[in-house]
1. Hey, could you check the stretch 171-182 for residues that are aliphatic (A, V, I, L, M) and at pLDDT below 95 and say which is farthest from LYS101 (Cα to Cα)?
2. What residue, of GLU341, GLU337, is part of a helix (DSSP H, G or I), open to solvent by 20 Å² or more (accessible area, probe 1.4 Å) and of a type outside the set (Phe, Trp, Tyr)?
3. Go through the stretch 363-376 residue by residue and tally those that are part of a loop (DSSP other than H, G, I, E, B) and crowded, with 16+ Cβ neighbours inside 10 Å.
4. How many residues, within the stretch 260-279, are open to solvent by less than 10 Å² (accessible area, probe 1.4 Å) and not in a strand (DSSP E or B)?
5. Counting only residues that are part of a helix (DSSP H, G or I) and either at pLDDT 95 or above or in contact with a helix residue (DSSP H, G or I) (Cβ under 6 Å, 6 or more places away or on another chain) (or both), which one in the stretch 344-362 is surrounded by the most Cβ atoms within 10 Å (Cβ to Cβ)?
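The values are calculated or read from the model by the stated rules, or taken from the named source; none is laboratory data. Model, not experiment: these values are computed from the prediction. Note that each Cβ is placed from the backbone with ideal geometry, even for glycine, and that neighbours are counted across all protein chains shown. Surface accessibility is based on the protein's heavy atoms, side chains included, excluding ligands, DNA and RNA. Shrake-Rupley method; radii C 1.70, N 1.55, O 1.52, S 1.80 Å.
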Amino acid sequence: MLRLKRVPTVVSNYQKDESEEVARRGGGCGRNCLNKCCIQGAKLPLYAFKKLNKVVGDKGLPEYENREPPVSFLDSLLLGEWEDRMQRGLFRYDVTACETKVIPGQHGFIAQLNEGRHLKKRPTEFRVDKVLQPFDGNKFNFTKVGQEEVLFQFEASEDGEVQFFPNALVDAENAPSVVAINVSPIEYGHVLLIPRILECLPQRIDRDSFLLALHMAAEAGNPYFRLGYNSLGAFATINHLHFQAYYLSVPFPIEKAPTEKITSSVGGVKISKLLNYPVRGLVFEGGNTLQDLSNTVSDACMCLQDHNVPYNVLIADCGRRIFLFPQCYAEKQALGEVSTELLDTQVNPAVWEISGHMVLKRKKDFEEASEENAWRLLAEVSLSEERFQEVYAFISEAIATHGSLEDSDGKSESLEDVDKINNPPCAMVTGTQECLVLQ
């Protein structure tokens, strides 16, 4: 059994030591949480989205009727409510004051100095060799979040039209999905999407939850608002199903990386492999319907879960392009195969770091940030070429079980020609050169 001392990021103001939790349970709650003790009669804003069946146009964006929604989902609701919580002092630090810069070089990695994110954490025995682990209600989970940290409920509309209810009764019997703040934010607008929160689902993707995440990306309708997912063993620190999302108005390096088509599904989903990027990964895009795209990606994720392969997912381009990264960094870390130099940075390469947004905790690392350093860290995340081929083989088999895969010639392509991408790019730029400062 591989165990790693993990210091989890505090995502809620109610994430306490287990001894405090036990004491509180003994004396009652009284803190207006989302658990059964407080949820009865609670009211929260409710955004009911229209289910999308089409993915249309050259841009592949969801098609809406020409009618204004009752409230702007991203600007007025999500970001507006997020700023309200910031004004109310619910965050552990002001993330908007964190320095951010684009590192010079071919790929444009983004570096942020976030010294507050690693403070006030509690050590936890975190198991890294099992992607699927049962939910444990005795540990911190999102039902313990205070209702003031929840921005709104996010559900499919019952009448097929977008609706907004500013003060809707929480239907505890039907386990609502909610959007809540992350009190230790990485970026502006950093939130958590928690599907069916009261069902207390462990951190594992299923078809319904992934489709919900795609709908959120589509509702935002802004390519700079992205959603991410970390499995257990790939730097998820809370075993309660959730996605993360935030707004950053600069392209991620992964979004600019070249790709090569491998195959496509009968449902029109194109599957490609990443080229010239330090982490091997797959890209899914297109599809005759949003459901086609969602099912294809979620089937791939469930396959990785069943094979105990840690992974990260980035949902980009308003939900029309999804990146999937099987990874092995935590395993290497537990086995002592990661250099002390990389470990000293305290960077856990989860979905945002893999996508090219490097969240650094030491000023020294921020000042010396270079493309070479970023590439060297991410290269440790990637599966070997041989292992990646093995993983893709059982992913393609799993997807084919639900719908045939074919390339333009009607044949599936192997990954034997995956380029050697673990080596750093030819022209490296050191961190001593001037960087573009964003904040």
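1. Selected residue: ALA172.
2. It is GLU341.
3. The qualifying residues number 2.
4. Going through the stretch 260-279 one residue at a time, the tally reaches 3.
5. ILE354
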